[in-house]
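The structure appears below as structure tokens.
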Amino acid sequence: MHRWGAGAAQPSRSHTPAPRAGRAKRHNRTSVCSYCYDLFVAVMPDECRRTRRHLHMRTRPYGAFALFSFGIASALGQDALVEPDKQQAISEMRDLARTIKGCPKALELEMRWGKGPLEIVRVYYETPNNVVWDVTRSQTARSPYAGYIEFSISHLPWVPPETIDKFRRTRPDMYKDFFLQPLSTRWSLRYEFDIGPEGVEFVKANSAQRDVCWDNTARKGHRVPNAPKQ
């Protein structure tokens, strides 16, 4: 039996228990955390902080994964919130815009400036650029949805390479009009449509009718096969 006396060594109040063996045990959630909080919260605050930080680091990836999964589910759920009839309207407008975007360049005019077969100048409509489109709820009673397609067209002058030098020398004014003036500026076009169960129907445009691919495609619209007439 131990006896405590005046000359006996008194236990130090600042005595720190021997380090626990093994890293895994020190970071065990059930044993170490409860032990820390219950017995050594005042004596070993640094150890408690390291334990809490370790557990936080272990659970952080799972929280990030949960947020990432929630973000994917939310993005995938956007399409499900769109009405089926609007999905059809969007699909039809997308196809129409894709067709317009694929139109080739077209001849706008041709002029003869000399007597030779290659002494000519042409101006082409370039292929449609910056094609944008959208579908919205219609503000009229004609159809449930309305859509538009916008794009730009550039004017491209051309003279055969064999006669371009002669054209520059003999027709300086004409050369300036075709190649040095802002002839190649972009021309913005907009076509508007009604969209319903029968398909896409052309309504109006900001330009006169022209016999070119993109204008014919837009004015023709897109009719759903076997769609009922309204």
Check your understanding: If each of residue 105 and residue 154 carries a label point 7 Å out from its Cα toward its Cβ, how far apart are those two points in nm?
Key -> 0.9 nm
Practice item. Tell me which residues come under 5 Å, amide H to amide H, from residue 105 once H is placed; ignore anything under 5 positions away on its chain. Key: 127
Point to revise | Computed lengthening from residue 86 to residue 164, 0.36 nm per intervening residue step minus Cα-Cα distance | key: 22.8 nm
Check your understanding: Taking N as the number of residues in segment 85-192, what is its alpha-carbon radius of gyration divided by 2.2 N^0.38 Å?
Key -> 1.53
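No value in this document is a laboratory result; all are computed from the given coordinates. Small disclaimer: the values here were computed from a predicted structure and weren't measured. Here the Cβ is made from the backbone with ideal geometry for all residues, glycine too, and neighbour counts use every protein chain on show.
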